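Heads up, the thing below is written out as structure tokens.
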Amino acid sequence: MFYRPDKGHDLPHDPFHAIVAPRPIGWISTRGQMGDNLAPYSFFTAVSANPAQVIFSSTSTKPDRGDTKDTVTQIRESGVFCVNLVTSDLGAQMNATSAMLAAGEDEFLAAGLEKAACEVIDCARVAAAPAALECRLVQIVPLLGKSNFMVLGAVVGVHIRPDCVIDGRYSPPDRLSRLGYMDYATVTETFEMARP
């Protein structure tokens, strides 16, 4: 099979969403003029270590937020955000926060999640997350396509749950990742491979 993305395909679902996978989930928390917000993004990754930086992309809009969604709107307002990482035991709550709630409705409350305060930035984080990255906005880059934005952030604080540090290494019980469509995977099996 071959298709050109701009011409479409004959499949019932867009395969591009599943080809680049697994993808880590950036569970982004923000605080803006209308309160706290929490939403998952699977177009997310780390892009450099020194200085530590991450990106995520928001690819649609909400009628009550103009050209984007709550997350990007609130990052524009505050200049900060927190990336919470996700384990399988948080999967149902993470999924619940993907609901299109009205602007100003708090997804932490809707999903029954406990908040914890960030240290460096004015933002809430998911208390139960295995790790959380406090970020200052570096740049919001408009992408091709309507309401597509890439957000680049500099990591200014790192939270790691104590039970997720084993023998001096970050080692959560598992990592929940997105495979595309409605499919997810839990990464539990790992191995080391030395560089030549």
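The values are calculated or read from the model by the stated rules, or taken from the named source; none is laboratory data. Owing to the predicted nature of the structure, the values given are computational and were not obtained by experimental measurement. Neighbour counts run over all protein chains shown; Cβ positions are idealised from the backbone, glycine included. Each accessible area value is taken on the protein alone, full model and side chains, heavy atoms only, with ligands, DNA and RNA left out. Shrake-Rupley method; radii C 1.70, N 1.55, O 1.52, S 1.80 Å.
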Listed by range, strands (runs of 3 or more DSSP E) wholly within region 8-81 having at least 1 residues that are of a type in the set (A, V, I, L, M, F, W, C) and surrounded by 21 or more Cβ atoms within 10 Å (Cβ to Cβ) are 26-32, 35-41, 52-58
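Per-residue answers, yes or no, for (1) over 28 Å from Ala18 (Cα atoms); (2) surrounded by 13 or more Cβ atoms within 10 Å (Cβ to Cβ); (3) in contact (Cβ under 8 Å) with a residue 12 or more places away in the chain:
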| site | (1), (2), (3) |
| --- | --- |
| Val141 | no, no, no |
| Leu144 | no, no, no |
| Ser147 | no, yes, yes |
| Gly153 | no, yes, yes |
| Ile166 | yes, no, no |
| Tyr170 | no, yes, yes |
| Asp174 | no, yes, yes |
| Arg178 | no, yes, yes |
| Met182 | no, no, no |
Here the residues within region 82-114 that are open to solvent by less than 20 Å² (accessible area, probe 1.4 Å), under 19 Å from Leu179 (Cα atoms) and either part of a loop (DSSP other than H, G, I, E, B) or touching a helix residue (DSSP H, G or I) at 6+ places or on another chain (Cβ under 9 Å) (or both) are Asn84, Val86, Thr87, Thr97
Cβ pairs under 7 Å, 6+ apart or interchain, first in region 5-21 and closer than 17 Å to Thr45 by Cβ, second open to solvent by 100 Å² or more (accessible area, probe 1.4 Å) and of a type in the set (D, E, K, R), ordered by first then second residue, are none
Checked pairs for region 50-73, first under 15 Å from Lys146 (Cα atoms) and in contact (Cβ under 8 Å) with a residue 12 or more places away in the chain, second open to solvent by 60 Å² or more (accessible area, probe 1.4 Å) and outside any loop (DSSP other than H, G, I, E, B), C-beta under 9 Å and 6 or more apart or across chains, list as Thr68/Arg76
The residue from Ala129, Ala110, Ala116 that alone is farther than 20 Å from Pro24 by Cα, in contact with a His (Cβ under 9 Å, 6 or more places away or on another chain), at pLDDT 95 or above and small (Gly, Ala, Ser) is Ala116
The residue from Leu176, Leu137 that alone is under 14 Å from Ser42 (Cβ atoms), at pLDDT 95 or above and of a type in the set (A, V, I, L, M, F, W, C) is Leu176
Among the residues of region 184-196, the number that are of a type in the set (A, V, I, L, M) and either open to solvent by 60 Å² or more (accessible area, probe 1.4 Å) or not in a strand (DSSP E or B) (or both) is 2
